[in-house]
Structures are given as structure tokens and as C-alpha cells.
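Down below is the structure, laid out as C-alpha cells.
The values are calculated or read from the model by the stated rules, or taken from the named source; none is laboratory data. These numbers come from a predicted model, not from an experiment. Every residue, glycine as well, gets a Cβ built from its backbone with ideal geometry; the counts of neighbours run over all protein chains shown. Please note that ligands, DNA and RNA were not included when accessible areas were found on the heavy atoms of the full protein model with its side chains. Shrake-Rupley method; radii C 1.70, N 1.55, O 1.52, S 1.80 Å.
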Amino acid sequence: MPVLEITDLTKRYGDLLAVDHMSFAVEEGETYGLLGPNGAGKTTTISMVVGVLDRDGGEVLIDGLRHDVTSVKTKALIGYVPQELALYPDLTARENLRFFGHLYGLTARPARMRITEVLELVELHERADEAVTKYSGGMMRRLNIAIGLLNRPRLLVLDEPTAGVDPHSRNAILESVQRLAAEGVATLYTTHYMEEAERLCDRVGIVDAGHMLAEGTRRELVGLLDEHDRVILRVADGAARAVPTLRDLPGVLKAGGEDGDLELIVNEARSLLPAIIGALGEAGVEVRSVEVREPDLESVFLHITGKALRD
Amino acid sequence: MKPLAIALLNVRRLFRDRSNIFFVIITPFVMIFLMGLLFGGGRQLHVGVAGGTTPLADRLATSLGSPSIQVARFGSEERLLADVERGRLHGGLVIPAGYEATLRAGGRAEVRYVSRPGDPAAADLGSRVRWAVSREAAVLKAAQFGAAEGGTAGRADAGADAGAASAFDESLRLASGNAGVDVKVVTVGRSEIPPGFGQFAFSAPPLLLLYTFLTALTASIGLVQTRRLGISRRMYASPTPARTIVAGEAAGRLAIALLQSLLIMLGSAVLFGVDWGDPLGAAAMVILFALVGGGAATLLGALVGNEGVAISVSVILGLGLGALGGTMVPLDSFEGTLRTIAHLTPHAWGYDGFAELVRHDADLPGISSQLGVLAGYAAVLFALGSWCLRRALVR
Ligand SMILES: Nc1ncnc2c1ncn2[C@@H]1O[C@H](COP(=O)(O)OP(=O)(O)OP(=O)(O)O)[C@@H](O)[C@H]1O
Ligand SMILES: [Mg+2]
């Protein structure tokens, strides 16, 4: 049974169909990414998933239980990291955590222990007793996430958790999400950073204007394109000599090249790379540099919607 | 107890801001002190008397004096008026030349009190002078009555004039209480401010109302921020029902209002010796008025979209309703239509309630009408505030 299952979820704002019959499911230990441009309906979908927004149609099941804005029991299973920094700026990180720990029903001692744990997880333990106003944007983002982890959720919902943070904080955030997924937490993650979706998500749903346009693993989505991976090699000499050998390798669709350069069209560049380098070595061709170009989700998005992911 | 946790968080946040500590804890007492001096008559008042040379005139002039009123004698009316005009005196009493003779002949004499317009100290002095004069008038009336009845027995041998004079003096002596006869002074109507009433007992209740309402309203800012930052949505995403969040936030405003009023009540009792009267009545007033302030703050916090607007509305409403309700310039000085309009504010009802308790020793049943009106305000504001906040939360 999936941890989260939504069917035909619909939300209307006046004439605007913000979310239009959206359906998908997230399994235990799976990280599911919602990828879409501004105004696609990601936050609206998430608000209905966590139960802070009434829906106009469809159904949300958490661990098989019906879930809506009044479902206290299923809300206890969800960790929510909103897109905005929903923190008391005048309180310290620890005070913020203590307050939300209370709302999630943690009693004094377990709360203290859990607060220490999540502070360490997001690397804020050294500055936990400073007022949030003194934090950098990235630190606030990390605290925003820490609050979502307090209740050891079955389903973790993160709405653009890395918006506007420095590379260090971004890395810390992505690593903690990966660690939680490894522990079996089901994660719903929205972003419009394609690299994040590729790195984190087992499956991705591409949404635009309230519609789910395509869904699948990165491979499956890229398969929708008539594009293949390219491998570009710079070699010392004897390129022409190597071409027939390379053409014979399984998985290589095309190979060609002139003096210094070789270009291959292949099925899966990453897995083929060792065989390619090996074959060149046997042919006595010295490799100076290798470049792999894979069609990415950005290209998939462009292909499906005809527009770029970011403005 | 989630509502309690939410309420306490609000109180904690209030005191996290240093300027609030100053605003909530220190300024009310400074204001009580200053307003007490200004309107409560706690300072030395200077009154001049012209024409106080004859014995009866001297009696009147002397009777004006008290520890807080200093009397200066003037030879001429012109010099007295000049000093009043220049503000050297808070007021002047002019005793006419024929004062003594008229009274001894059983007639009515008239004295004039002069002061500069718009001087609160002069108004305060005026009421004290009126008080002293009416007391003297009662004594003189008794003396005139005694003289007219033929005076005291055993004076037949004296001349008619001399006899009447000594009969007057004898009656005066008796009426003044030297011989153990008490003259009861009866004034028509009730004096709003009893004589000898402490100046801070005059200034503390209105300022309690002003500050409680103002502080409660400014506590709406925290609620607006909680909503704007998405914290209230995040609370709603936790396993906490909407009604619990609404109850907690409303209780937070109430707690802040209660804290402010209790602080002023207890602080003024300790610092300035203010006697708040019947404890039950005072407790009921404080609780109901804090409910009014808390309800208004919840409503404001649920309606307004950003903190800047919340601050402006709080200050305008807090000071505006406070002024209209008689917490800045005393409600006692309001008359007619203005007084009626003032009673559209909860402050005026609070003012009346506290006046009954503090000045006239009323008990709980004695202020039931004021409590009833405040309870009405509180119920309406809390119901509206909770409804709006709940809507704002789920939207
Ligand atoms: N409360 C609201 N009232 C009216 N329209 C709304 C409301 N909230 C969102 N919308 C509209 O619904 C659509 C979807 O918004 P949503 O916030 O879900 O997009 P998003 O995918 O999260 O975008 P972003 O990447 O910018 O966060 C937008 O057109 C938005 O203007
Ligand atoms: Mg969004």
C-alpha cells in the first residue's frame, strides 16, 4: 500500500483550475518529485495533501486512511516543510522546535531528545539558542526543515525546501532528505531545480497549469524524447583506427570522428563508459578527455510543454 | 494543553521585544504619576483672597487653606486679578466689601472665584473652593438662624445691636462646632470626586483601561505576523484542530490584556497606594475589560493582512477610543451629547464601573450594569474574532 495516494485531486480558485484531476502515489522509501514552473499548482496540491486547504474534488489517502483538513490522526503521520519560512523570527531555533513538538504531541523528555536529533541532522545544534532573526537564509531553511522532521513522519512533504540557499546549505538539505528516504520515509518533493529532481527523486511528475503531464523515472521520462546520450572523446591520435571497434560495442548506436575528436551516440552513456575507454586502450588510442551529454529533465520538460522550466 | 501552549507562546513573544517591556511595564506608572499630578490635585495649589479683612471674611479666607492649598491675602482686587492673569495664582477669591454687614443683617452675600480658562489645576482648585464656600455658607446660615431666633438666653441687658451681634457670634461659635454642635453640610446631588480623595486613585483606573485596551490591540500584531508568515497554516498542518488554534490565539490576546491590567492594578496599589475597592468587583471589572480587549485584538489580528496596518489601527483605535471614553481627559468633565457618545466605547463603561468601586465603595451588585455592558462587548468581539480567525486559517 502506498504511503500517499491521491486520486483526481481538484482545486478551483474562481475561474482558475489550479489543480485539475491530479493523481499519483508515493511508496514507502520513495522520493517523488513534482516538477513544474511557477504557478503550476505544486503548492496548491501540497496544501491539500497536508490538509491545510479544502479540495473541490478527488481523494487523498495516507497509509490507506482517508485524509482531509480535519483528519488529526493522519496529520500526525505527515511532516510538512512549507515553501515559506514558517518560523517565529523572535524565538530561538530550540523554542520554535519545542513549540511545534508540543503541537505534534511530543512530551517533554522525548521532545528534548528529538529536538537535539533534528538540530544535529540539519547542522544547527551549535546555534540552536540564537534568535532566528540572526540566522542566514540557509540556516532558516534548515530550521524550516527540522520542524518538519520532529514527528518522525511516515510521509515527508517538502515544498521547494532549497529556494534561495547557498550551495553548502543546499547540499546539507539534499543529503538529509536522501538519508531519510534510506530510512524508509516516503517523500513528496517539489522544486523547479531540475538538478535536484534528478539527484533526489526516484520518480518525477511533470506538472503545468494544474495538470500532470508525464510521470515516471528519469529514464522513463527521457525515453519520451527521440534523443540519446552522447559521448564526446578527445584523443591524442589514431581516432579513425578506433571507430570500427567502437561501432561493434553493444549499446553503441553510432560512432564517428576525425583526427582529434570522437563522437558516439549510445543508449546509456554512464554504464557504457568503462567499455568504451577499455576498447580505446586495446586499440592503443590515448584518451585526453571525456564528456557525457545526457538528455535531461529540462529537455523533457521543454519537449512536453514547449516552455522552459524556469522563467 | 495545546491552547495554553499557544497562549503562553504569545505572552513570551510579547516580552521578547525590549520596547514592549518599557511600554507595558514602565510607561503606565509614569502616566499614572503624571496624570495624578495634573488632574488629581496632588500638587500645591495657590489661591489669592482679596477683601478678607473683616472677621467673617477672614474666617472664610482661612477655611480655604489646607496642606495642598496655600492662601495669599491681597489688599486690592486689581492686584489679585493681575496675579491670576499672569498665572502666579491658580485662582482668586474676591470677597465683596459689604460681606460682613450683609451676613450679620441676615442677608445673602456673594463671593467671586476667578481663574484662567482651560487650566485643569484652576478647575480642580475651583471645586475645592466651592466646597469650602458651601461649607462656610451652611455654617453662616445656621448662625443667622440662631441670631434670628433671639440668640442665647441671659443677654437681655445688652443693647439691641450689640445683642444681635453677640447672638450671631454665639450661634456662629456653636454652629462652627466649637461647642460640640455639628453642622451637617448637605449638598444637592453627589460630588463626583469626594474631597480628600487620593490623586492616584483618580488617575489609575482610566489609565488601566487605556493601557489594557491599547496593549491588547497591539498584541494583534503577533497574530497578523503568525498568519502572514504561514505559521498558523503550519500549526494547522499539525494534528491540532482549528478550534484549538483559534482558542489558543484568542487566549493569548486575553492573557496579554489580563497581564497588563493586573500589573497596573497591583503596581498602582503598591507604588501609589491606590485602593481599588471591593476585590470581587475589581476582579470582575478587570476580567471583563481584558476580555473586551482580547476579543478586539483577536478580531483585528484575524482581519488585517500586514503588521504595519495592525500597528496603525491599534494605535488609532487604542488612543481614539481611549480619549473618547474619558481615559485621557476625565470622563467626569464630559457633558451632554459627548457623554452619551463616550458611552459607545467600552472604556466609558469601565470608567463608570471603576468610579463606583474606587470612589463610592460600591460592591459587585452595585456595578452590575457596567459589568453587563462589558460582558456584551466581550461576547460579540470574541465571537466575531474567533469566527474570522477560523476562516482565515482554513482559507
Ligand atoms: N489563495 C489563492 N487564491 C487564488 N488563486 C490562487 C491562490 N493560491 C494559488 N492561486 C493560484 O493557483 C495557481 C497555482 O499556484 P501554486 O502556488 O500552487 O503554484 P506553484 O506551482 O506552487 O508555484 P511556485 O513555483 O511559484 O511556488 C496560480 O495560478 C496561483 O496564482
Ligand atoms: Mg509553490
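Quick test for you: out of A:A146, A:A163, pick the one residue that is part of a loop (DSSP other than H, G, I, E, B) and touching a helix residue (DSSP H, G or I) at 6+ places or on another chain (Cβ under 9 Å). First the steps, then the outcome.
Details: A:A146 fails: part of a loop (DSSP other than H, G, I, E, B).
The unique qualifying residue is A:A163.
Being open to solvent by 20 Å² or more (accessible area, probe 1.4 Å) and outside any helix (DSSP H, G or I) is the filter here; which residues of region A:118-127 pass it?
Keep residues of region A:118-127 that are open to solvent by 20 Å² or more (accessible area, probe 1.4 Å), which gives A:120-121, A:123, A:125-127.
If the condition is that a residue be open to solvent by 20 Å² or more (accessible area, probe 1.4 Å) and outside any helix (DSSP H, G or I), then A:E123 is the only one that fits.
Against the condition away from chain B (no Cβ under 14 Å), within 23 Å of the chain's Cα centre (by Cα), closer than 22 Å to A:V207 by Cα and among the hydrophobic types (A, V, I, L, M, F, W, C), how does A:I46 come out, does it pass? So that I can check it myself, show each step before the final result.
Working: away from chain B (no Cβ under 14 Å): no; within 23 Å of the chain's Cα centre (by Cα): yes; closer than 22 Å to A:V207 by Cα: yes; among the hydrophobic types (A, V, I, L, M, F, W, C): yes.
Judged against the criteria, A:I46 is not a match.
On the given criteria, is B:S333 within 26 Å of the chain's Cα centre (by Cα), among the hydroxyl-bearing types (S, T, Y) and open to solvent by 10 Å² or more (accessible area, probe 1.4 Å)?
Details: within 26 Å of the chain's Cα centre (by Cα): yes; among the hydroxyl-bearing types (S, T, Y): yes; open to solvent by 10 Å² or more (accessible area, probe 1.4 Å): yes.
It is true that B:S333 is within 26 Å of the chain's Cα centre (by Cα), among the hydroxyl-bearing types (S, T, Y) and open to solvent by 10 Å² or more (accessible area, probe 1.4 Å).
Condition check: more than 27 Å from A:A128 (Cα to Cα), within 16 Å of ligand 2 (Cβ to nearest atom) and open to solvent by less than 20 Å² (accessible area, probe 1.4 Å). Does A:T191 satisfy that? So that I can check it myself, show each step before the final result.
Working: more than 27 Å from A:A128 (Cα to Cα): yes; within 16 Å of ligand 2 (Cβ to nearest atom): yes; open to solvent by less than 20 Å² (accessible area, probe 1.4 Å): yes.
When the stated conditions are applied, A:T191 passes them.
Give the residues of region B:229-246 that are facing chain A (nearest Cβ under 7 Å) and part of a helix (DSSP H, G or I), sorted by residue number. Spell out how you get there, then give the answer.
Residues of region B:229-246 facing chain A (nearest Cβ under 7 Å): B:229-231, B:233-241.
Those that are facing chain A (nearest Cβ under 7 Å) and part of a helix (DSSP H, G or I): B:I231, B:R233, B:R234, B:M235, B:Y236, B:A237.
Can you pull out the helices (runs of 4 or more DSSP H) entirely within region A:17-117 that have at least 3 residues that are open to solvent by 10 Å² or more (accessible area, probe 1.4 Å) and either under 29 Å from A:A128 (Cα atoms) or away from ligand 1 (no atom under 14 Å from the Cβ) (or both)? Break it down into steps so the answer makes sense when it comes.
Numbers: elements: A:42-50, A:72-75, A:93-103.
Once the helices (runs of 4 or more DSSP H) in region A:17-117 are filtered for at least 3 residues that are open to solvent by 10 Å² or more (accessible area, probe 1.4 Å) and either under 29 Å from A:A128 (Cα atoms) or away from ligand 1 (no atom under 14 Å from the Cβ) (or both), what remains is A:93-103.
Any idea which residue in region A:155-166 is nearest to A:H125 (Cα to Cα), counting only those that are more than 16 Å from ligand 2 (Cβ to nearest atom) and within 13 Å of chain B (Cβ to nearest Cβ)?
Here the residue is A:L156.
Does A:E130 qualify as being more than 10 Å from chain B (Cβ to nearest Cβ), at pLDDT 90 or above and open to solvent by 70 Å² or more (accessible area, probe 1.4 Å)? Give the derivation first.
Details: more than 10 Å from chain B (Cβ to nearest Cβ): yes; at pLDDT 90 or above: yes; open to solvent by 70 Å² or more (accessible area, probe 1.4 Å): no.
The answer is no for A:E130.
Among the numbered criteria (1) modelled with pLDDT of 90 or more; (2) closer than 20 Å to B:P205 by Cα, which single criterion is violated by B:P330?
Every condition holds for B:P330 apart from (1).
Going by the structure shown, is A:D129 within 16 Å of ligand 2 (Cβ to nearest atom) and over 19 Å from A:P82 (Cβ atoms)? Give the steps one after another, and end with the answer.
Details: within 16 Å of ligand 2 (Cβ to nearest atom): no; over 19 Å from A:P82 (Cβ atoms): yes.
For A:D129, the condition - within 16 Å of ligand 2 (Cβ to nearest atom) and over 19 Å from A:P82 (Cβ atoms) - is not met.
So A:T162 clears everything in (1) touching a Ser or Thr at 6+ places or on another chain (Cβ under 8 Å); (2) open to solvent by less than 20 Å² (accessible area, probe 1.4 Å); (3) more than 16 Å from ligand 1 (Cβ to nearest atom) except one condition, right? Which one?
So A:T162 meets the others, but not (3).
Which ones in region A:79-94 are more than 8 Å from chain B (Cβ to nearest Cβ) and free of Cβ contacts under 8 Å to residues at least 60 places away in the same chain?
Of everything in region A:79-94, those that are more than 8 Å from chain B (Cβ to nearest Cβ) and free of Cβ contacts under 8 Å to residues at least 60 places away in the same chain turn out to be A:T92, A:A93, A:R94.
Has region B:372-388 got any residue that is in contact (Cβ under 8 Å) with a residue 40 or more places away in the chain, in a helix (DSSP H, G or I) and farther than 30 Å from B:P241 by Cα?
Within region B:372-388 (the criterion being in contact (Cβ under 8 Å) with a residue 40 or more places away in the chain, in a helix (DSSP H, G or I) and farther than 30 Å from B:P241 by Cα), the answer is no, since none of the residues qualifies.
Report whether or not B:L344 is open to solvent by 30 Å² or more (accessible area, probe 1.4 Å), among the aliphatic types (A, V, I, L, M), in contact with a Leu (Cβ under 8 Å, 6 or more places away or on another chain) and without any contact (Cβ under 8 Å) to a residue 24 or more places away in the chain. Quick ask: steps written out before the conclusion?
On the way: open to solvent by 30 Å² or more (accessible area, probe 1.4 Å): yes; among the aliphatic types (A, V, I, L, M): yes; in contact with a Leu (Cβ under 8 Å, 6 or more places away or on another chain): yes; without any contact (Cβ under 8 Å) to a residue 24 or more places away in the chain: yes.
Yes; evaluated as a whole, the condition is true for this residue.
Please go through region A:133-152 and pick out each residue that is open to solvent by 10 Å² or more (accessible area, probe 1.4 Å) and either of a type outside the set (A, V, I, L, M, F, W, C) or within 16 Å of ligand 2 (Cβ to nearest atom) (or both). Let's see the steps before the verdict.
Residues of region A:133-152 that are open to solvent by 10 Å² or more (accessible area, probe 1.4 Å), as a first pass: A:133-137, A:139-142, A:151-152.
Answer for region A:133-152, where residues must be open to solvent by 10 Å² or more (accessible area, probe 1.4 Å) and either of a type outside the set (A, V, I, L, M, F, W, C) or within 16 Å of ligand 2 (Cβ to nearest atom) (or both): A:T133, A:K134, A:Y135, A:S136, A:G137, A:R141, A:R142, A:N151, A:R152.
When both residues are 6+ apart or on different chains and their Cβ atoms are under 6 Å apart, which pairs have a first residue that lies in region A:50-78 and is in contact (Cβ under 8 Å) with a residue 40 or more places away in the chain and at positive phi, and a second that is open to solvent by 40 Å² or more (accessible area, probe 1.4 Å) and assigned to a loop (DSSP other than H, G, I, E, B)?
Correct list of pairs: A:G64/A:M1.
Hey, among B:L300, B:L384, B:L338, B:L393, which residue is over 30 Å from A:D56 (Cα atoms) and of a type outside the set (D, E, K, R)? It would help to see each step written out before you state the result.
Working: B:L300 fails: over 30 Å from A:D56 (Cα atoms); B:L384 fails: over 30 Å from A:D56 (Cα atoms); B:L393 fails: over 30 Å from A:D56 (Cα atoms).
Of B:L300, B:L384, B:L338, B:L393, the one residue that is over 30 Å from A:D56 (Cα atoms) and of a type outside the set (D, E, K, R) is B:L338.
Would you check if there is a residue in region A:16-37 being closer than 19 Å to A:N151 by Cβ and within 16 Å of ligand 2 (Cβ to nearest atom)?
Among the residues of region A:16-37, not one is closer than 19 Å to A:N151 by Cβ and within 16 Å of ligand 2 (Cβ to nearest atom), which makes the answer no.
Of a type outside the set (V, I, T), over 25 Å from A:K75 (Cβ atoms), modelled with pLDDT of 85 or more and in contact with a helix residue (DSSP H, G or I) (Cβ under 9 Å, 6 or more places away or on another chain): is that true of A:E196 in this structure?
So A:E196 fits the description; yes.
I'm trying to understand the selection: among the residues of region A:203-227, which are of a type outside the set (A, V, I, L, M) and under 22 Å from A:R293 (Cα atoms)? I'd like the intermediate steps shown before the answer.
Filtering region A:203-227 for residues of a type outside the set (A, V, I, L, M) gives A:203, A:205, A:208, A:210-211, A:215-220, A:223, A:226-227.
Residues satisfying the conditions are A:R203, A:G216, A:T217, A:R218, A:R219, A:E220, A:G223, A:D226, A:E227.
Give me the pairs, please: first residue somewhere in region A:100-113 and at the interface with chain B (Cβ under 7 Å from one of its Cβ atoms) and in contact (Cβ under 8 Å) with a residue 24 or more places away in the chain, second residue anywhere and surrounded by 11 or more Cβ atoms within 10 Å (Cβ to Cβ) and part of a helix (DSSP H, G or I), beta-carbon distance under 7 Å, and either six or more positions apart or on two chains.
Here the result reads A:F100/A:I147, each pair linking region A:100-113 to a residue that is surrounded by 11 or more Cβ atoms within 10 Å (Cβ to Cβ) and part of a helix (DSSP H, G or I).
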